[in-house]
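Here's the structure, in structure tokens; my notes come after.
The values are calculated or read from the model by the stated rules, or taken from the named source; none is laboratory data. Treat the numbers as computed from the prediction; the structure is a model and nothing was measured. Backbone-built Cβ (ideal geometry, glycine too); neighbour counts: all protein chains shown.
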Amino acid sequence: MNRALHAEWTKLRTVAGTGPLLLLAVVLTVAMGAALAATLTCPWGRCAQDSVKLTFSGLPVSQACVALLAVLAVGGEYGTGMIGTTLTAIPRRGRVLAAKAAVVAGLTAVAGTVAVLASALAGRLILPGRGYPALSLADGPTLRAAAGSVLYLALVALLGVGIAMAVRDPAASIAAVLGLLYLFPLLAHMVSDPGWHRVLWSLAPMNAGLAVQTTVNVASLPIPPWAGLGVLAAWSAAALLAGGLLLRARDAS
Amino acid sequence: MEATIEVTGLRKRFGRTVALDGMTFRVPPGRVTGFVGPNGAGKSTTMRVILGLDAPDEGRALVGGVPYRSLEEPLTRVGALLDAGALQPSRTGRDHLLWLAHSQGLGAARVDEVIGLVGLGGTARRRAGGYSLGMRQRLGIAAALLGDPPVLMLDEPFNGLDPDGIVWIRGLLRSLAAEGRAVLVSSHLMSELEGTAGQLVVAGRGRVVADMGVAELIEAASHDRVTIRTTARSRAMETLAGAGATVAVTGGDTVTASGPPAERVVELLTGGGVPFSEVTAHRATLEEAYMELTRDAVEFRADGAGR
Amino acid sequence: MSPAAGFARTLRAEWTKFRTVRGWVLGTVVAALLVPLLAAVSAAGSHASCDRNGVETACPEPPLGPDGRAVHDKFFFVHRTLDGDGSITVRLTSMSGIITYPPPDHDEIVPGLVPWAKAGVIVKASMEPGSSYAAVMATGEHGVRMQHDYTGDVAGRPGGAPRWLRLTRAGETLTGYESADGRQWAEVAAVRLPDLPAEVEIGMFAASPGDLTVKQADLGGLIEQMRFTETTAVFDQVKVEGAAPGAWRHTDVSPTPGTNPGEVHHPGSAVESGGTFTVVGSGDIAPVGTDGGMAVELTLTGILFALVVVVVVAVLFVTAEYRRGLVRVTLAASPRRGRVLAAKALVIGGVVFAAGLAASAVAMPVGKHLLRGNGNHVLPVPALTEVRVIAGVAALLAVSAVLALALGTLFRRSAAAVVTALALILLPHVLATASVLPVELSLWLLRITPAAAFAVQQSIPEYPQVVDFYVPQGGYYPLPPWAGLGVLCCYAALALALAVVRLNRRDA
């Protein structure tokens, strides 16, 4: 397993695109969060907006970079036929998938930590100027939002690896991942019945997963913060399971 | 570990197409085994099944007595070149070898060793996307040699190589076999293997048509046809026919006898006192032998009469 | 061979290429099926009913105006019947009003006029809500206006009461005048009302639309609050010319039913004393916006999902050529590279347009039918508008496909091209309509990115004379429909041009 990890790590760091994509993810997270924090207002004299969630609101955009990184880590091999070489070197299918998932998610978590810490620093500097308290990681809900954001990105990476393993074509895979993240929430908006709306909202991986960032009015969320992240984790696990089963069942290529 | 490949009764269909139809053969150590057959005979599929990439519907393939998928450090047991183009274009050739090395617990030193062995040199530090077909073949062979495996399996290694490259690879294959390794080399052109392969597995329509030494194969294809130039044509025919040979007139002063080998023909003629000026034993070329064997197995005929 | 014949051959070749790859044809079919399927799902999950005295009943639907669109037609009317031509002249001496806080804290009532509080003179075809009309009025903050048939609005001079107002009818033509002193008259506008019968209702009116406030909700939604408002207008010097016999009658047009049967919620009133009329009214005479029901384009939300599939197919249509070097064969067969790309664009654009047209032409009527069956009010729009929405959405998908194709040619890498295409077309729309961004930023995104093209599906226009929260989330786009589609076309054209340059420059 260590050798498989070592090989996947070498692969990921020597392919063009990994560095730029992670850098873009970090820059987008910090820039979006800072820009939105800088436009924060106190409507009707009450500074009641969720300033923490807003500070970390670059994630809905930067997750696209993470998804692309994950899809390319798998789809890039299927697109070129190199998956054959990989499976020749590491014939155990489960090991290949586990190593790939671990390396991609691990690297994403590192970049995500950098991005979240930088966003938190930006929030610390910007928020007092907008009438909100400086963001502090010593605060329980804020720490949960920050740690949850890092986990969120790592889970999106796992989702991407699993879907790409199942779908194989890189273009179709990335479309499937982005569609699941961005369009599933629309399904909730398309139905007006409150019961169905809440169910669909809570099932949408992006909505549910980002619930972990909420620090204001937590009780009004259709799903509690950690349970929301659990929904995303379930999606990622299902995708990895499907990818693993298909990898085992199908011929390579 | 024993250096062998054993394939037993492999069957596989892709939809309505039968790719493998009872493929069975054994690759012994110490010699180069040519795996030949027309396009679509099932050579590549067989190799993919041996490497555990494709699952057969029936039958099994063992490398050194065990299934490939159960190997812990597979590249130190079997080196394979399947599709030399299967590279991610943005990675350098050296980095490609490096991740493969890491997957087997090998280091960068071994990578630079095989790069030198295949003569890739400084090219290895350029992006693989810019490689010529020949450079990709060399990189693929380097990957196969990486783990110094006792078994080697190369699919169409001559593709895209220039004449120098072909000479180089023939020498390499012979020396690898001489070290006691089992070497399986596929090709759809018999001429590429002439002088290299000691054993031939001829495939056609998903099964083995012939599995024998090169000398035997040529022998078999020659059918012991002997051409005799003689001034006493009818006496020669009588004598030979009397000894059980099938005799035919092929010219004004030539007859052809099938059946007994050339030595026996000379013996018979001399014993019967028949004068002759020349006895020619007909020997088929490897190419001819191959064509004869695969005549029925060719699926796609150039004249389109395969309907 | 002529260039035209050459292009026709390339076109035919590309069409054959497209239709012989099962995945691409299947993808297009799936994309097309997604639209009506999601329309049905959305309709199935949307029920509407209203509570009347503890009983669930169908919700009352707003009346329809002369052009078939839903309208508000609620005001207090002091009127007489006028036969034939004639006119009414009044002096509006004062206009005042109140604004209340909405429940549950509606204990506070403050004096004030909302910007579009209206009072003045009106000629109306009948007492039927939604009937044709023309009116001259003073407003809370928008000066004197002449309005007709709910959507027509012409500005007069600024300023409010006191003000003299006059409206004359001559056949189909209604002319409005205003004056500061009753001697020097200025024409505000003259409009034609072709459906006006000989007998019309003529008189004074007062109306006051609800006061709208919008608050950002927690789940990226919006909380819109309407405060009840009321206008009190005082008229004197009332003079009617023409055949309008009898006394003044008082009518509360479209009163809001109260909680108990027969009761009216906040009824209007009028008092006449010595030639002075004090008219109190609430409501509005104006078109209904998207808050008054569901816009027809809501049945086509599925195009967002279809768009993803279409983008993938379009990108693969070109990148598949680079995967295994097929592009060398293609370019050997037709060496003019621009021509190849044009043929590809035409094939993918045509196929997607046809599929999108079929999909939305089915989805819209089916979705509307199902929504109405579940008690939802679908805002009616003129048939031509529906056709524009259906064809526009198909064009949006087709041009997006061409843009994706061009990006595929530029990048040669399918995943990068798909991500770029979706980030350009879909992401701005999703971000702008999910109200995660400040409204101004959302509006700019929908002006300058290819997502501007979604404006083509907007069936309910923005009315300057109606205060509403005109934001993308409510279905309002900052650009007119075809201009929005034009932005996407510009992007597609630019990307195609760059792709041709790249194709010509680089080795295959």
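Residues being within 14 Å of B:ALA144 (Cβ to Cβ) and in contact with a strand residue (DSSP E or B) (Cβ under 7 Å, 6 or more places away or on another chain): count how many of those fall in region B:159-176. Spell out the reasoning first.
Going residue by residue through region B:159-176, those that are within 14 Å of B:ALA144 (Cβ to Cβ) are B:169, B:172-173, B:176.
Those still in the list that are in contact with a strand residue (DSSP E or B) (Cβ under 7 Å, 6 or more places away or on another chain) too: B:173, B:176.
Summing the residues that are within 14 Å of B:ALA144 (Cβ to Cβ) and in contact with a strand residue (DSSP E or B) (Cβ under 7 Å, 6 or more places away or on another chain) in region B:159-176 gives 2.
Modelled with pLDDT of 85 or more, of a type in the set (Lys, Arg) and in a helix (DSSP H, G or I), is that true of C:ARG12? Working first, answer last.
On the way: modelled with pLDDT of 85 or more: yes; of a type in the set (Lys, Arg): yes; in a helix (DSSP H, G or I): yes.
For C:ARG12, the condition - modelled with pLDDT of 85 or more, of a type in the set (Lys, Arg) and in a helix (DSSP H, G or I) - is met.
Among the candidates C:LEU196, C:LEU167, single out the residue that is more than 14 Å from chain A (Cβ to nearest Cβ), buried (at least 16 other Cβ atoms within 10 Å of the Cβ) and more than 29 Å from C:ILE98 (Cβ to Cβ).
Numbers: C:LEU167 fails: more than 29 Å from C:ILE98 (Cβ to Cβ).
After ruling out the rest, the residue left standing is C:LEU196.
Of all residues in region C:39-74 being more than 13 Å from C:ASP149 (Cα to Cα), surrounded by 21 or more Cβ atoms within 10 Å (Cβ to Cβ) and among the hydrophobic types (A, V, I, L, M, F, W, C), which is modelled with the lowest pLDDT?
C:ALA43
If you scan region A:171-208, which residues turn out to be of a type in the set (A, V, I, L, M, F, W, C), more than 19 Å from the chain's Cα centre (by Cα) and farther than 29 Å from C:VAL313 by Cα?
Once the filter is applied, which keeps residues that are of a type in the set (A, V, I, L, M, F, W, C), more than 19 Å from the chain's Cα centre (by Cα) and farther than 29 Å from C:VAL313 by Cα, region A:171-208 yields A:TRP196, A:VAL199.
Could you list all residues from region A:1-35 that are small (Gly, Ala, Ser) and touching a helix residue (DSSP H, G or I) at 6+ places or on another chain (Cβ under 7 Å)? Spell out how you get there, then give the answer.
We begin by selecting, within region A:1-35, every residue small (Gly, Ala, Ser); these are A:4, A:7, A:16-17, A:19, A:25, A:31, A:33-35.
Passing the criteria: A:ALA4, A:ALA7, A:GLY17, A:ALA25, A:GLY33, A:ALA34.
Could you list, in sequence order, the residues of region C:15-52 that are in a loop (DSSP other than H, G, I, E, B) and either small (Gly, Ala, Ser) or touching a Pro at 6+ places or on another chain (Cβ under 7 Å) (or both)? Please lay out each step first, then the result.
Of all residues in region C:15-52, those in a loop (DSSP other than H, G, I, E, B) come to C:20-21, C:45-49.
C:GLY45, C:SER46, C:ALA48, C:SER49, listed by residue number.
Inside region C:447-494, can you point out the residues that are among the aromatic types (Phe, Trp, Tyr) and farther than 24 Å from C:LYS368 by Cβ? Lay out the reasoning, then the answer.
Going through region C:447-494, the residues among the aromatic types (Phe, Trp, Tyr) turn out to be C:454, C:463, C:469-470, C:476-477, C:482, C:491.
Matches in region C:447-494: C:PHE469, C:TYR491.
In this structure, is C:PRO111 in the same structural domain as C:GLY159 (by TED's automatic domain parsing), over 30 Å from C:PRO261 (Cβ atoms) and not aliphatic (A, V, I, L, M)?
Considered against the rule, which asks whether it is in the same structural domain as C:GLY159 (by TED's automatic domain parsing), over 30 Å from C:PRO261 (Cβ atoms) and not aliphatic (A, V, I, L, M), C:PRO111 comes out as yes.
Yes or no: region B:163-181 includes at least one residue that is without any contact (Cβ under 8 Å) to a residue 40 or more places away in the chain, of a type outside the set (Gly, Ala, Ser) and part of a loop (DSSP other than H, G, I, E, B).
So far as region B:163-181 goes, yes, one or more of its residues are without any contact (Cβ under 8 Å) to a residue 40 or more places away in the chain, of a type outside the set (Gly, Ala, Ser) and part of a loop (DSSP other than H, G, I, E, B).
Go through region C:440-471 and report how many residues are assigned to a helix (DSSP H, G or I) and under 24 Å from C:ASP153 (Cβ atoms). Walk me through how you get there before you give the answer.
Kept after step one, since they are assigned to a helix (DSSP H, G or I), are these residues of region C:440-471: C:440-448, C:450-457.
Now restrict to residues that are under 24 Å from C:ASP153 (Cβ atoms): C:443, C:455.
Final tally of qualifying residues: 2.
Residues that are closer than 30 Å to C:VAL362 by Cα, at least 1 per element: which strands (runs of 3 or more DSSP E) completely within region C:238-328 meet that?
Working: elements: C:249-253, C:269-273, C:276-281, C:285-287.
Here the list reads C:285-287.
Any idea which of B:ALA221, B:ALA257, B:ALA236 is on the phi < 0 side of the Ramachandran plot, surrounded by 19 or more Cβ atoms within 10 Å (Cβ to Cβ) and modelled with pLDDT under 80? It would help to see each step written out before you state the result.
Details: B:ALA257 fails: modelled with pLDDT under 80; B:ALA236 fails: modelled with pLDDT under 80.
Exactly one of B:ALA221, B:ALA257, B:ALA236 is on the phi < 0 side of the Ramachandran plot, surrounded by 19 or more Cβ atoms within 10 Å (Cβ to Cβ) and modelled with pLDDT under 80, namely B:ALA221.
Run down B:GLY129, B:GLY105 and say which single residue is outside any helix (DSSP H, G or I), more than 15 Å from the chain's Cα centre (by Cα) and either touching a residue at least 12 places away in the same chain (Cβ under 8 Å) or within 14 Å of chain A (Cβ to nearest Cβ) (or both).
None of the others qualify; the one that does is B:GLY105.
Would you check if C:ALA391 is among the small types (Gly, Ala, Ser), surrounded by fewer than 23 Cβ atoms within 10 Å (Cβ to Cβ) and more than 12 Å from chain A (Cβ to nearest Cβ)?
On the way: among the small types (Gly, Ala, Ser): yes; surrounded by fewer than 23 Cβ atoms within 10 Å (Cβ to Cβ): yes; more than 12 Å from chain A (Cβ to nearest Cβ): yes.
Yes; evaluated as a whole, the condition is true for this residue.
Among (1) touching a Pro at 6+ places or on another chain (Cβ under 9 Å); (2) more than 10 Å from chain A (Cβ to nearest Cβ); (3) under 29 Å from B:ALA128 (Cα atoms), there is one condition B:ARG69 misses while meeting the rest; what is its number?
Failed condition: (2).
From the set of residues in region A:54-84 that are more than 19 Å from A:THR18 (Cβ to Cβ) and more than 18 Å from the chain's Cα centre (by Cα), which is nearest to the other protein chains (Cβ to nearest Cβ)?
Ranking the qualifying residues of region A:54-84, first place goes to A:GLY81.
Since C:ALA398 meets every condition but one in (1) within 24 Å of the chain's Cα centre (by Cα); (2) within 14 Å of another protein chain (Cβ to nearest Cβ), which condition does it not meet?
Only one criterion is unmet by C:ALA398, namely (2).
Does B:MET47 satisfy the criteria of being within 14 Å of another protein chain (Cβ to nearest Cβ), in contact (Cβ under 8 Å) with a residue 60 or more places away in the chain and among the hydrophobic types (A, V, I, L, M, F, W, C)?
Details: within 14 Å of another protein chain (Cβ to nearest Cβ): yes; in contact (Cβ under 8 Å) with a residue 60 or more places away in the chain: yes; among the hydrophobic types (A, V, I, L, M, F, W, C): yes.
Taking the combined requirement at face value, the residue satisfies it.
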